[in-house]
1. Obtain the nm distance between the two label points defined at Q158 and D261 by a simple spin-label model: each point lies 7 Å from its Cα along the Cα-to-C-beta direction.
2. Of (i) 74, 46, 39; (ii) 59, 43, 39; (iii) 74, 40, 35, which one was derived for Cα extents along the principal axes in Å from the structure shown?
3. Taking 0.36 nm per residue of separation and subtracting the Cα-Cα distance, what length does fully extending F285 through I253 add?
4. Starting from the Cα of K299, draw a straight line to each of the lysines and keep only those under 26 Å, dropping any in the same chain fewer than 8 residues away.
5. Which one of A254, P186, A170 has its Cα pushed farthest toward the positive end of the charge dipole of the chain, where Lys and Arg give +1 and Asp and Glu give -1 at the Cβ?
6. Percent antiparallel among DSSP beta bridges with both residues in the chain, to the nearest 5?
7. Near K32, which aspartates and glutamates are there with a Cα under 13 Å away, not counting those fewer than 8 places off in the same chain?
8. Residues with amide H under 5 Å of I7's amide H, sequence separation 5 or more or different chain, H placed in the peptide plane at 1.01 Å from N; which?
Amino acid sequence: MRIFHSIEAFQSQRKTIVTIGTFDGVHVGHRKIIEKLIANALANDCESLILTFFPHPRMVLQEQSEIQLLNTIQERTALLEKTGLEHLIIHPFDKDFSRLSAEEFVKKVLVDCFKIEKIIIGHDHRFGRNRTADIHDLIEFGEKYGFDVEQISAQEIQEVSVSSTKIRNALEEGQILLANEYLGQPYFLTGTVQKGKQLGRTIGFPTANLNIEANYKLIPKKGVYIVSSTIDQKLVYGLMNIGTNPTVGGNTIAIEVYYLDFNQDLYNQKIQVNLLDYIREEQKFASVDLLKFQLEADKKTLIDFLENYQEL
């Protein structure tokens, strides 16, 4: 997959089949649309292309927006790369771009830059300045400029919308198995390992303290999770706590991962943590000894889980 960080940077001599969207989560519903895009490109001897935007338009147009996304832009790019897509354009969304009229967008972007043969788009898609144009306008522009418009059915759009909402709700409620079912893969967090308070080391549970730089990344419900990571090409499993460490008087959210049978220095390494199941809510214990006793029980839960677990 070729990645372009602006519309202007894109270059190809061949015609394209295009779709536009956020594709946050690149979940099962999204992948059905992408499969349709790729199949159309193959059938028409064209190249498949997704146009997406970063920052998310709501981050720019709604100043107070506290939008939480399932993926960072880097994560979304990595997931799209696995689909077989040929071109991904991540265009910087700003207020100037938002002021393009619908016809300017069609002519300058779709026709002149993308050499568009067909666009596959939702029936509810709106575009152009103040989002005034709709699918009917797009069909008219298609007739004027010589490209086809294929509508994604209302049912498919509803599936995508419902899936995204259900994934977010499930993550906020700790229902990881449900979220992963809609995603078609484990939900994951990506971050850099930083030094923490190192309390875990003193009680036999050394943890990797994960720092996630993107403040728009959705962090699931506080509590303890079963997780996996691939480190140095080896699959390892562990426990992750999202919370404030109330037993030792913590007051800021931390994400800490304990890996089973693992003793490697991970400081400053970037790791991906896949969430496999939710064990329990975060608790405040009367003593560090009681916390250690609970962690031993959590470890037993992890070992029991792994006896029957198969990777998605």
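All of the numbers you see were taken from the coordinates with simple rules; none came from a lab. Everything quoted here is computed from the prediction, not taken from an experiment. Glycine gets a Cβ as well: all are built from the backbone with ideal geometry, and neighbour counts include every protein chain shown.
1. Distance between label points: 4.9 nm.
2. Read-out taken from this structure: (iii).
3. 9.8 nm
4. K195, K197, K221, K222, K234, K270, K284
5. With unit charges placed on the Cβ atoms, the residue in question is A254.
6. Antiparallel bridges make up about 60 percent of those DSSP assigns within the chain.
7. E156, E159
8. It is none; the list stays empty.
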